[in-house]
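Remarks on the structure that follows.
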Amino acid sequence: MKKQSVPDILLCAIGSAGDVYPFLGIGQELRKRGYRVTLITSQFFEIQARDAGLEFFGLGSAEDYQSIIQNPDLWDREKGFQVFAESVVLPIIEPVYEIISGFDPSETVLAAQGQVFGAHIAHEKLGFPFITIHLQPAAFRSVHDFPLLPAWMPPLLKHGLFNLIDAFVLDKLFAPEINLFRRSLSLPPVKKIFDSWTHSPQKNLGLFPDWFAHPQPDWPPRTQLTSFVYYDKPSGHESLSERLEKFLDAGDAPIIFTPGTAMKHTDQFFADCTKACQMLGRRGILLTQHPEQLPRELPQDIQYLAYLPFSMILPRAVALVHHGGIGTIAQAIAAGIPQVIRPMTHDQPDNAARVERLGIGVSLSPKKFDAASLAEKLNTVITSQQVLDRCKSYAQKINPDQSLNDTCTIIEDFARNQMKKSARNN
């Protein structure tokens, strides 16, 4: 049988819209380049994948996705990672593997988030060429530069701390189920899952620039950075509504508030944001797909919207208050506006620390987040010429089209090289 001239590309993603949408953009661009691209992710995103022209395999059901995001423990700093592991990561290991196993490894390339462990196992067992794609720097450990650890801590102590976290937290949570499935495939057990195994031995791609997180000597080999990739046009929005245009034209640039697309437990967040706007005499826009969590009556100078493409609204805003998702951070940087971040869990604290280090925003912990504290932080970043200058400077470094092009070129080059190796071996 004649081999394909170009390989199929399987994109594997898990998480909320901020995790999945970059893969939609990558898939759409690769499809334009002549590849058949299939997205494997939550069934919740099938419509968006089809709209982007991608083939699709769904994991679980849309109802499963809704049930997970309705669990308040998902956003708890102490419980969140365990909920994410047990509800999102572990249940899809075998289904992802089974989907991938239906493809030919000599004609298919995998590009997956690091926590899509079924892709790692398919690479090891079946020989699929494999790239891991990491959206956020927190995926890369380092004893040299890791913002959530004190700068005074020596590398040896950091290394020991990572070992303890592996042994008593991460491996304890993930290894039993991973190794149970590996044993059924006659694969040896793995440990230190988030140390090295979460990265592909063939190619690792970080979708963030080196000025946001500089590569470290102890990052995994064959790691390459491009820059932020985001895709915020899944709903076909080409222009802002007439009502919103009138609101924007009627006064000063508003503050935008969003707790993230998957966050459903935000009653107090929106109450505090509304009060902070009033304390500052500022206008605001509240973004949420769950309007039942908004204050019963909103002031006239505060609007609510279910969705807005950030690339259209943020350049017309004065600041952004959000949860610290990497995609949201990227678009705020691109818009050149300061940020106030309320990091909850997962990668958000690390992302927030990096924003603070760049001098383009500030972090406010959930325990200290109230209307008065928020108003104070907002006033600081909005009125600081130094912050505004730094925001403008970093905005000039962002080129989303170039980032997408560079990312897809790396994937394409990897795919071509793997096809050549496969042809030589056959």
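Regarding R282, is this residue of a type in the set (K, R), farther than 18 Å from E376 by Cβ and in a loop (DSSP other than H, G, I, E, B)?
Details: of a type in the set (K, R): yes; farther than 18 Å from E376 by Cβ: no; in a loop (DSSP other than H, G, I, E, B): yes.
For R282, the condition - of a type in the set (K, R), farther than 18 Å from E376 by Cβ and in a loop (DSSP other than H, G, I, E, B) - is not met.
Would you point out which residue out of L156, L149 is in the same structural domain as F84 (by TED's automatic domain parsing), part of a loop (DSSP other than H, G, I, E, B) and farther than 27 Å from S403 by Cβ? Before the answer, list the steps.
On the way: L156 fails: part of a loop (DSSP other than H, G, I, E, B).
The match here is L149.
In segment 30-64, what residues are part of a strand (DSSP E or B), without any contact (Cβ under 8 Å) to a residue 24 or more places away in the chain and of a type in the set (V, I, T)?
If the condition is that a residue be part of a strand (DSSP E or B), without any contact (Cβ under 8 Å) to a residue 24 or more places away in the chain and of a type in the set (V, I, T), then no residue fits.
Anything in segment 1-59 that is within 18 Å of the chain's Cα centre (by Cα), closer than 20 Å to L90 by Cα and among the aromatic types (F, W, Y)? List them, or say none.
Passing the criteria: F44, F45.
Can you tell me which of D195, D232 is under 30 Å from E29 (Cα atoms), of a type in the set (D, E), touching a helix residue (DSSP H, G or I) at 6+ places or on another chain (Cβ under 9 Å) and at pLDDT below 95? It would help to see each step written out before you state the result.
On the way: D195 fails: under 30 Å from E29 (Cα atoms).
Every option except D232 fails the conditions.
So, of the residues in segment 110-127 that are part of a loop (DSSP other than H, G, I, E, B) and in contact (Cβ under 8 Å) with a residue 40 or more places away in the chain, which turns out to be surrounded by the most Cβ atoms within 10 Å (Cβ to Cβ)?
For segment 110-127, the residue satisfying everything is V116.
So which pairs qualify, if the first residue must be in segment 283-310 and aliphatic (A, V, I, L, M) and surrounded by 16 or more Cβ atoms within 10 Å (Cβ to Cβ), the second must be in a loop (DSSP other than H, G, I, E, B) and at pLDDT 85 or above, the Cβ gap must be under 6 Å, and the two must be at least 6 apart or on different chains?
Listed by first residue and then by second, the contacts come to I285/P254; L287/T258.
Filter segment 65-90 for residues that are surrounded by fewer than 16 Cβ atoms within 10 Å (Cβ to Cβ) and outside any loop (DSSP other than H, G, I, E, B); which is modelled with the highest pLDDT?
Per the stated criteria, the residue is E86.
Inside segment 285-306, can you point out the residues that are outside any loop (DSSP other than H, G, I, E, B) and over 22 Å from A17 (Cβ atoms)?
Of everything in segment 285-306, just one residue is outside any loop (DSSP other than H, G, I, E, B) and over 22 Å from A17 (Cβ atoms), namely I302.
Could you tell me whether K377 is part of a loop (DSSP other than H, G, I, E, B) and modelled with pLDDT of 95 or more? Can you show your working first?
Values: part of a loop (DSSP other than H, G, I, E, B): no; modelled with pLDDT of 95 or more: yes.
Criteria not met by K377.
Looking at segment 321-330, can you tell me whether even one residue there is surrounded by fewer than 22 Cβ atoms within 10 Å (Cβ to Cβ) and within 18 Å of the chain's Cα centre (by Cα)?
No, segment 321-330 has no match at all.
Looking only at segment 337-364, count every residue that is surrounded by fewer than 19 Cβ atoms within 10 Å (Cβ to Cβ) and either closer than 28 Å to L248 by Cβ or among the polar types (S, T, N, Q) (or both) and tell me the total.
2
Would segment 258-271 turn up any residue that is part of a strand (DSSP E or B), surrounded by 18 or more Cβ atoms within 10 Å (Cβ to Cβ) and at pLDDT 90 or above? Give the derivation first.
Looking only at segment 258-271, we keep the residues that are part of a strand (DSSP E or B), and these are none.
No, the conditions are met nowhere in segment 258-271.
Surrounded by fewer than 17 Cβ atoms within 10 Å (Cβ to Cβ) and of a type in the set (D, E, K, R): does that describe D51?
When the stated conditions are applied, D51 passes them.
The values are calculated or read from the model by the stated rules, or taken from the named source; none is laboratory data. Here the structure is a predicted model, which is why all the values come from computation and not from measurement. Positions of Cβ are backbone-derived with ideal geometry, glycine not excepted, and every protein chain shown enters the neighbour counts.
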